[in-house]
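Structure, as structure tokens:
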Amino acid sequence: MLYVDIPTLPEFRALATTRADACISLYLPTTVRTQDTPATRTRLKVLGKAALDQLADSGFDKRRQAIIEDHLAELAEDAEFWRFQAHSLAVLVTPETIRTFRLPNRLTAMAEVSDRSQAAPAGHHLPPRGVRAGIVGKCGAARRGVRRPAGATDQHP
């Protein structure tokens, strides 16, 4: 079974406007086969280390970097989290927060360090802007956070 938690439109907007002294955005391919997740966890650790090295090289505050490192270590060791995966994982970390999204598409591995989250790959499954406005405007359930299946329309057969 494919376990996904795609960001909703409000979540995506919040991610896209997140600013901090350090935002680490990690994207990596994962597997739905639980027995194969140790390799994915290792990939997360490698990507996380690369991002943390970038922070260290830039002279980032060591105490705040340690907080980010703790966020990533806790995620890597969370056995329950790793039991249920999709095809890709987005990990967006600041010293204050960590957000994860299990995504149905296959993304290539990347680590990005910036003053903002690189949310675009996680928003791939949001409908186009005009469609989004129509769905939110017409569907009260969408305003309450209920997600519509991909390809759903308001037209009846």
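For region 9-123, the orientation-averaged shadow of the C-alpha convex hull comes to 6.5 nm² (one quarter of the hull surface).
Here each label is just a point 7 Å from Cα along the line to Cβ, and for Ala16 and Glu80 those points are 3.3 nm apart. Computed extension gain for Val46 through Arg63, at 0.36 nm per residue and net of the alpha carbon distance, reaches 4.1 nm.
No value in this document is a laboratory result; all are computed from the given coordinates. Only a predicted model underlies this, so the values are computations on that prediction, with no experimental measurement involved. Every residue, glycine among them, receives a Cβ derived from its backbone with ideal geometry; neighbour counts consider all protein chains shown.
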